[in-house]
Amino acid sequence: MHFLVYLANILAIMAKFGIDKKPQDILEDLALKHKTLRKQAGLTQGQLAQRSGVSLGSIKRFELSGQISLESLLKLIQVLNRIGDFELILKPIENLKEIDKLFSDKTRA
């Protein structure tokens, strides 16, 4: 546990100074945030497993290593009432219709 807290602190410092995170760093950060949210909700890993339909083993592995399927992660965060946090992931920056116009056959010369 102390390692994850230490890791989270290192990641926070890296982000503060603009050092890019690696995918594994982000996975571990998500796992730590998830574990904190689960505890704040007063749920054990077993209770969360029952409510979400995600296996207890998957939850344990996720909280230790950050490894989990996207579907399972979404099920977990739905139980924790944080599904809205994923609304901005991969959201296009510009209006998608304008981008589509650039690539449509009608506008190509």
- Message: Condition first: closer than 12 Å to Lys35 by Cα, within 11 Å of the chain's Cα centre (by Cα) and not in a helix (DSSP H, G or I). Now tell me which residues in region 50-88 satisfy that.
- Response: Gly66
- Message: Cβ contacts < 8 Å: first residue on the phi < 0 side of the Ramachandran plot, restricted to region 86-99; second residue at pLDDT 65 or above and in a loop (DSSP other than H, G, I, E, B), any location; separation 6+ or different chain. Result?
- Response: Ile99/Pro92
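Condition check ((1) out of contact with any Phe, Trp or Tyr (no Cβ under 9 Å at 6 or more places or on another chain); (2) at pLDDT 95 or above; (3) at negative phi) across all residues:
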{"site": "Asn9", "(1), (2), (3)": "yes, no, yes"}
{"site": "Phe17", "(1), (2), (3)": "yes, no, yes"}
{"site": "Asp29", "(1), (2), (3)": "yes, no, yes"}
{"site": "Lys35", "(1), (2), (3)": "no, yes, yes"}
{"site": "Gly42", "(1), (2), (3)": "yes, yes, no"}
{"site": "Ser72", "(1), (2), (3)": "no, yes, yes"}
{"site": "Gln78", "(1), (2), (3)": "yes, yes, yes"}
{"site": "Gly84", "(1), (2), (3)": "yes, no, yes"}
- How about region 37-49: which of its residues are in a loop (DSSP other than H, G, I, E, B) and of a type outside the set (Gly, Ala, Ser)? Leu43, Thr44
- Examine region 39-47 for a residue that is within 11 Å of the chain's Cα centre (by Cα) and touching a residue at least 24 places away in the same chain (Cβ under 8 Å), and state whether such a residue exists. no
- Message: Can you tell me which residue is modelled with the highest pLDDT among those in region 89-106 that are part of a loop (DSSP other than H, G, I, E, B) and within 28 Å of the chain's Cα centre (by Cα)?
- Response: Ile89
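The values are calculated or read from the model by the stated rules, or taken from the named source; none is laboratory data. Just so you know, these numbers come straight off a predicted model, no measurement behind them. Heads up, the Cβs are rebuilt from the backbone with ideal geometry, glycines too, and the neighbour counts pull from every protein chain shown.
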